[in-house]
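Following: one structure in structure tokens, then a few remarks.
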Amino acid sequence: MAQLRFEALKKLSERTRVHADLPSTNVSKFFGENVYGPEQMRATLAPALYKKVSQAIKNHEKIDEVTADAVASAAKAWAMAKGATHFTHWFQPMTGGTAEKHDSFFDALAGIERFKGSELVQQEPDASSFPSGGIRSTFEARGYTAWDPTSPMFVYGRTLCIPTVFVSYTGETLDTKAPLLKALKAVDLAATKVCQLFDKDIQHVVASLGAEQEYFVVDKALFDARPDLVMAGRTVFGHAPARGQQMEDHYFGSIPSRVYDFMKDFEIEAWKLGIPVRTRHNEVAPSQFEVAPLFEEVNVANDHNQLMMDVMGRVADRHNLRVLFHEKPFAGLNGSGKHNNWSLITDTGVNLYAPTSSARDNLMFLTFFVTTIKAVHSYGDLLRASIATAANDFRLGANEAPPAIMSVFIGSQMTAVLDELEKKGNVKIEKGDNMYMKLGIDQIPEIILDATDRNRTSPFAFTGNKFEFRAVGGSDNCAVAMTALNTIVAEQLDKFFAAVNKQIEKGEEKRLAIVNVLRDYIKESKDIRFEGDGYSDGWVEEAAKRKLGNVKNTPRALDAYLTKESLDLFEKHEVMSHKETEARVEIRQEAYMKRVQIEARVMGDLAMNHIVPTAIAYQTKLIENANGLKGLGVDNAAVVQTIREISGHIDTIKNGVRAMVEDRKRINKITDTHKRAVAYCDEIKEKYFDSIRDAVDKLELLVDNEDWPLVKYRELLFLR
Ligand code: ADP
Ligand code: MG
């Protein structure tokens with residue numbers, strides 16, 4: 001029975017390194033060579049057309065048919081020169097990952113290759129199998145994809161990929177990108193308005209994202225020998241290895257050679273696709289790593305992250321490795337997140353979250369800084385909901401995971417600045433005074449967060465010139481979190497703008513009006529600020545006193561989308577209609593339930609068909625042994641004790657799995673999706689998973705290593 005495991009281990013022992021050559025040590029020579037970006041557009045389009053396209057992109061406008069035709073034709077010629085034979089609309093359905101449907105450039109009827117503007121602008125994938133949360137009734141189960149010109153096309157393999165949004169024929173959005181684009185427009189509008197209080201030259205504000213991607217790497221053969229990894233992306237069983245991450249030696253250790261080869265290889269592929277990967281290093285847990293790109297405009301950065309995950313998977317295959325993006329593939333070890341480093345940058349080049357030496361700019365910085373904190377304070381539950389998935393539940397809010405409480409860390413220097421502003425806010429400013437000096441904001445030093453100040457336990461941390469939303473899950477699409485964050489910040493900026501104007505109308509001087517509103521925000525949002533250890537039990541108690549949300553599971557976290565306040569918020573900023581928000585929640589509840597269902601089935605199957613028979617076979621050997629000892633008159637109490645223990649665990653497993661199946665049958669009859677998801681959480685996952693796992697993991701320690709059917713943690717994590 002343990003055959004698969006030992007075959008996998010044998011394969012592993014025969015692995016050789018796969019080497020990939022850098023096309024040039026000068027990365028700039030091949031960076032973006034497979035991207036049809038602004039430069040390629042400029043080079044291949046007539047100047048007037050190029051100008052039209054770039055203007056439309058910048059101003060969130062529609063591109064007309066003639067222009068689209070020209071772009072399509074130029075892109076086709078460029079792509080064919082790169083060896084492309086097909087094109088596809090590349091989109092991000094709500095089920096996660098990316099989707100595509102390839103069409104050939106070759107038109108057999110006409111006998112030529114062609115690519116029309118209309119094909120660039122719109123395509124009909126067979127969308128009936130993508131979930132729509134009840135938006136589309138089945139008879140009109142159709143949608144179309146529409147070109148997103150703000151993210152460049154690229155050649156991947158032999159296909160020209162066109163980033164697109166996915167929309168139903170009735171106009172509702174069916175993907176993660178469309179609402180994101182709308183949220184980015186909302187934050188652009190709101191932030192620009194606020195910026196113009198300080199600087200009339202600012203016409204646009206662009207949100208930026210740098211997504212640090214954590215992941216595990218395991219050998220392909222070992223992966224394939226673990227049905228739970230294959231089916232659920234995480235190990236549902238597995239006893240902790242003798243050595244986990246307690247030595248904390250992996251983080252600074254050298255990168256293992258096969259993984260290093262893989263990293264170099266996928267970086268080359270990523271660079272060719274214009275993905276600006278920059279940093280690579282080991283993470284805390286054994287076999288855990290991180291890759292970080294240089295930040296870009298949010299929509300492009302997110303497309304790049306999605307594409308990079310795909311590239312990593314394909315390249316890993318060449319190296320006989322598998323990449324795990326799952327938020328918690330291994331119990332007892334750190335999970336994988338996707339830290340979303342985020343900031344707002346003006347079209348004049350000012351990072352609105354970077355303190356400067358200019359007093360005027362600092363007031364602008366403080367405006368954005370404080371307003372963002374206030375936004376998280378007002379909408380913490382929505383942010384929590386934005387990162388809620390079945391997989392992320394194992395990483396946040398679970399037994400061995402940090403709590404799912406949203407809070408903001410800003411560091412001691414910024415705490416001092418805000419304290420000062422709050423205290424001095426009432427200072428009377430006379431004509432001719434230097435207001436900035438009087439308020440203590442004339443000079444905010446460059447924020448250098450030293451090691452002690454880098455609070456790694458905060459889900460939302462200020463890191464000197466950006467905020468880092470760390471609660472986003474490793475396998476997630478950042479668009480969902482980014483849609484929520486940019487919308488709540490847009491809303492808070494709108495409120496700020498209105499409050500300032502109200503004071504100005506009452507005769508208050510503009511800068512003082514700004515400071516007054518900021519001071520109110522600082523006071524009102526104090527509870528969301530937390531500088532201590534976010535992983536401690538003390539914080540859980542303290543947060544409860546502060547009435548901060550600590551919603552431990554997805555089905556309940558998602559409720560935050562359905563309050564009237566949230567529904568109105570998204571609708572007001574034209575990000576999602578009530579119907580769209582509700583449909584999304586429905587889809588995510590359904591996805592949650594299915595994930596738990598799959599895990600429950602995998603668990604049941606592994607336990608009953610692999611573990612229990614193994615344990616019984618081993619137990620039989622022990623029984624023979626015990627009888628033999630008895631026949632010889634030797635004390636067999638220890639063996640009998642082990643036999644009893646094994647029996648106990650087998651009973652636990654069998655009873656657990658049987659009862660779990662019965663509960664599933666009952667729960668599957670619940671028609672309300674929300675109630676069914678909650679039931680899957682409380683009455684399947686919470687009720688059975690731990691006890692079944694515990695019994696299996698105990699058996700792993702009792703049963704002869706030679707007989708154990710599942711690849712063990714120490715093998716998965718330490719052998720490469
Ligand atoms: P850390 O010390 O947290 O690793 P880094 O400077 O290495 O910080 O940045 C981590 C990520 O944050 C990178 O992807 C980087 O490009 C991104 N980043 C840096 N500045 C900004 C910014 N202003 N806006 C968004 N992301 C940023
Ligand atoms: Mg970081």
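The values are calculated or read from the model by the stated rules, or taken from the named source; none is laboratory data. Computed from a predicted structure; not experimentally measured. A quick note on method: Cβ atoms are made from the backbone with ideal geometry, for glycine too, and the neighbour counts reach across all protein chains shown. When the accessible area is computed, the model is the full protein with side chains, heavy atoms only, and any ligands, DNA or RNA have been set aside. Shrake-Rupley method; radii C 1.70, N 1.55, O 1.52, S 1.80 Å.
From the list Phe365, Phe330, the one residue that fits, being within 15 Å of ligand 1 (Cβ to nearest atom), open to solvent by less than 10 Å² (accessible area, probe 1.4 Å) and within 27 Å of Ile387 (Cβ to Cβ), is Phe365.
Go through (1) of a type outside the set (Val, Ile, Thr); (2) within 12 Å of ligand 1 (Cβ to nearest atom); (3) touching a strand residue (DSSP E or B) at 6+ places or on another chain (Cβ under 6 Å) for Leu321 and report which single condition fails. Single failed check for Leu321: (2).
Thr671 meets all of the listed conditions (1) open to solvent by 60 Å² or more (accessible area, probe 1.4 Å); (2) in a helix (DSSP H, G or I); (3) without any contact (Cβ under 8 Å) to a residue 24 or more places away in the chain but one, namely (2). Here segment 184-222 is the region considered, the condition is being within 16 Å of ligand 1 (Cβ to nearest atom) and aliphatic (A, V, I, L, M), and the residue that is surrounded by the fewest Cβ atoms within 10 Å (Cβ to Cβ) is Val206. Of the helices (runs of 4 or more DSSP H) that lie entirely inside segment 501-575, those containing 3 or more residues that are surrounded by 22 or more Cβ atoms within 10 Å (Cβ to Cβ) and in contact (Cβ under 8 Å) with a residue 40 or more places away in the chain span 510-524, 554-557, 564-572.
Looking at segment 473-480, can you tell me whether even one residue there is within 29 Å of the chain's Cα centre (by Cα) and within 14 Å of ligand 1 (Cβ to nearest atom)? Among the residues of segment 473-480, at least one is within 29 Å of the chain's Cα centre (by Cα) and within 14 Å of ligand 1 (Cβ to nearest atom), which makes the answer yes. Scanning segment 632-654 finds one or more residues that are touching a Phe, Trp or Tyr at 6+ places or on another chain (Cβ under 9 Å), under 23 Å from Leu622 (Cα atoms) and touching a residue at least 24 places away in the same chain (Cβ under 8 Å). The single residue among Met660, Met593 that is aliphatic (A, V, I, L, M), within 30 Å of Glu571 (Cβ to Cβ) and either buried (at least 19 other Cβ atoms within 10 Å of the Cβ) or more than 43 Å from the chain's Cα centre (by Cα) (or both) turns out to be Met593.
With respect to (1) open to solvent by less than 10 Å² (accessible area, probe 1.4 Å); (2) closer than 22 Å to Ile646 by Cβ; (3) more than 28 Å from the chain's Cα centre (by Cα), the lone exception for Tyr713 is condition (3).
Within segment 484-538, the set of residues being in contact with a strand residue (DSSP E or B) (Cβ under 9 Å, 6 or more places away or on another chain), of a type outside the set (A, V, I, L, M) and closer than 25 Å to Asp568 by Cβ comprises Asn486, Ser525.
The residues on offer are Glu33, Glu61, and the sole one that is in a loop (DSSP other than H, G, I, E, B), in contact (Cβ under 8 Å) with a residue 60 or more places away in the chain and either open to solvent by 10 Å² or more (accessible area, probe 1.4 Å) or among the hydroxyl-bearing types (Ser, Thr, Tyr) (or both) is Glu33. Contact map, segment 110-124: first residue in a loop (DSSP other than H, G, I, E, B), second residue aromatic (Phe, Trp, Tyr) and at pLDDT 85 or above, Cβ cut-off under 7 Å, separation 6 or more or different chains; pairs are Arg114/Phe105; Phe115/Phe87; Phe115/Phe105; Glu124/Tyr144. Only one entry of Val18, Val27, Val66, Val35 meets the criterion of being at pLDDT 95 or above and out of contact with any Ser or Thr (no Cβ under 8 Å at 6 or more places or on another chain), and that entry is Val35. Among the residues of segment 270-288, not one is within 12 Å of ligand 1 (Cβ to nearest atom) and assigned to a helix (DSSP H, G or I).
Name the residue that is farthest from Lys712 (Cα to Cα), counting only residues in segment 265-311 that are more than 16 Å from ligand 2 (Cβ to nearest atom) and of a type in the set (Gly, Ala, Ser). Filtering first and then ranking leaves Gly274.
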